[in-house]
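Worksheet: the structure to be examined is printed underneath.
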Amino acid sequence: MLEKCKYPIIQAPMAGGISTVALAAAVSKNGGLGFLAAGYKTAGALEKEILEMEQIGVLYGVNVFVPSKEPVEQDVGTYKTLLEKDWDMELELPAWSDDEWQQKLTLLKRYKVPAASFTFGCPNKEIIKDLQEQGIYIIITVTDANEARLAQQAGADAVCLQGIEAGGHRGSFENSDLQESRPLIDLLREVRKTVEIPVITAGGIMEGWQIAELIQAGAAAVQLGTAFICCEESGANQLYKRALIERQFTSTKLTRTFTGRLARGLENDFMHRYEAVAPAVYPTLHFLTQSIRKKALASENTQAMSMWAGEGFQRVRAMPVKELMEKLVAEASLS
Ligand SMILES: Cc1cc2nc3c(=O)[nH]c(=O)nc-3n(C[C@H](O)[C@H](O)[C@H](O)COP(=O)(O)O)c2cc1C
């Protein structure tokens, strides 16, 4: 599957409206592999996107979140009360959701999508085999050597190794505190010794020299998220794009405050204010803080928006995908 792509460059799935069909299709048309993000989307909305990709007729992948059991003993009420007081709003405490897991698996099979990646866990052997029987290439997001080993045991075709530098959520199997903080390249060396299946690397990759370095160190391909956020084809809102392009923020931070799971984003007041209170209850907090984040966007308050970004965010480039891909390929001497 990875050999079918002209270049070993994957556009990371980015939930929350960033990975549009236009973005994924443009990456694939320009020799990489574009990914749709199924997370937080209804199966109906995902099906529409898959149909559009099929119509365009390029290779693509679909990323699905693996549902996790929620620790019930955690107190969400205290956080909810504090947020309601601060924001003068009534917030809804949503029921736990599996993000339409079964329906999404059915769609992957129905359309025999070229590739599927899974995040926040590893589907069991039967599910992986069932998808592979439809010709689907299976990638599991992992954050350390142990998860990579489990993914290989479950029959995955490849792992996507996410380093500490990565923007967005930590894709660890458990919603745990930080277990692994070595730089991506060191992690790659260990994981390569642990598993035989191809290792895709993700986290902080913004320029071609990094791609060349990781491929040299044995990565089968690289996956870039933040680097694509400011592309014309990305669905990121203008405030978010501007915050990145104009270098309005000076650092990123891992936080649980927005969703209940560790995620890296532009460091802002919201993270500081609630870090000590926000419980590790995902995805409940994602839904709990949703209306606050919407309100923040409407009032152009970037101090309360979740703007996921990796550690390389200051090197983001605003341009159409075609141009960015050409630059990355030239810088990495891939052509
Ligand atoms: C805005 C944003 C949204 C993301 N959403 C997803 C997602 O839906 N599924 C997923 O597996 N990873 C997601 N990620 C993580 C990426 O797959 C990848 O690990 C990360 O972007 C790599 O780091 P980088 O952003 O520094 O390139 C997201 C990352 C960002 C920046």
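For the residues Lys104, Lys109, the requirement of being among the charged types (D, E, K, R) and surrounded by 20 or more Cβ atoms within 10 Å (Cβ to Cβ) singles out Lys104.
Residue check: is Leu224 within 13 Å of the ligand (Cβ to nearest atom), open to solvent by less than 60 Å² (accessible area, probe 1.4 Å), modelled with pLDDT of 95 or more and over 27 Å from Gly17 (Cα atoms)? Against the criterion (within 13 Å of the ligand (Cβ to nearest atom), open to solvent by less than 60 Å² (accessible area, probe 1.4 Å), modelled with pLDDT of 95 or more and over 27 Å from Gly17 (Cα atoms)), Leu224 does not qualify.
Name the residue, out of Gln210, Gln223, Gln179, Gln248, that is in a helix (DSSP H, G or I) and of a type in the set (S, T, N, Q). Full working, then the answer.
On the way: Gln223 fails: in a helix (DSSP H, G or I); Gln179 fails: in a helix (DSSP H, G or I); Gln248 fails: in a helix (DSSP H, G or I).
None of the others qualify; the one that does is Gln210.
Being of a type in the set (D, E, K, R), open to solvent by less than 50 Å² (accessible area, probe 1.4 Å) and more than 23 Å from Leu254 (Cα to Cα) is the filter here, so list the residues in segment 152-199 that pass it. Asp157, the sole residue that qualifies.
Being away from the ligand (no atom under 15 Å from the Cβ), in a helix (DSSP H, G or I) and open to solvent by 20 Å² or more (accessible area, probe 1.4 Å) is the requirement here; does Ile215 meet it? For Ile215, the condition - away from the ligand (no atom under 15 Å from the Cβ), in a helix (DSSP H, G or I) and open to solvent by 20 Å² or more (accessible area, probe 1.4 Å) - is met. Screening segment 19-37 for residues that are outside any helix (DSSP H, G or I) and surrounded by fewer than 24 Cβ atoms within 10 Å (Cβ to Cβ) and picking the one that is nearest to the ligand (Cβ to nearest atom) gives Thr20. Tell me, which residue of segment 141-172 that is in a loop (DSSP other than H, G, I, E, B) and over 14 Å from the mean Cα position of the chain (by Cα) is farthest from the ligand (Cβ to nearest atom)? My answer is Gly155.
For (1) more than 16 Å from the ligand (Cβ to nearest atom); (2) surrounded by fewer than 23 Cβ atoms within 10 Å (Cβ to Cβ); (3) within 21 Å of Asn175 (Cβ to Cβ), each residue gets a yes or a no:
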position	(1), (2), (3)
Leu262	no, yes, yes
Gly265	no, no, yes
His272	yes, yes, no
Ala280	yes, yes, yes
Phe287	no, yes, yes
Lys295	yes, yes, no
Ala298	yes, yes, no
Thr302	no, yes, no
Gly312	no, yes, no
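When you scan segment 244-254, how many residues do you find that are of a type outside the set (Ser, Thr, Tyr) and either more than 20 Å from the chain's Cα centre (by Cα) or over 29 Å from Ser176 (Cβ atoms) (or both)?
Taking segment 244-254 first, the residues of a type outside the set (Ser, Thr, Tyr) are 244-249, 253-254.
This time we only want the ones that are either more than 20 Å from the chain's Cα centre (by Cα) or over 29 Å from Ser176 (Cβ atoms) (or both), so: 245-249.
So the answer is 5.
For segment 71-85, the criterion of a residue being of a type in the set (Ser, Thr, Tyr), within 13 Å of the ligand (Cβ to nearest atom) and either open to solvent by less than 30 Å² (accessible area, probe 1.4 Å) or at pLDDT below 95 (or both) is satisfied by no position.
The values are calculated or read from the model by the stated rules, or taken from the named source; none is laboratory data. Computed from a predicted model, the values in this text were never measured in an experiment. Cβ atoms come from the backbone with ideal geometry, glycine included; neighbour counts cover every protein chain shown. Ligands, DNA and RNA are stripped out before the accessible areas are found, and what is left, the full protein with its side chains, is counted by its heavy atoms. Shrake-Rupley method; radii C 1.70, N 1.55, O 1.52, S 1.80 Å.
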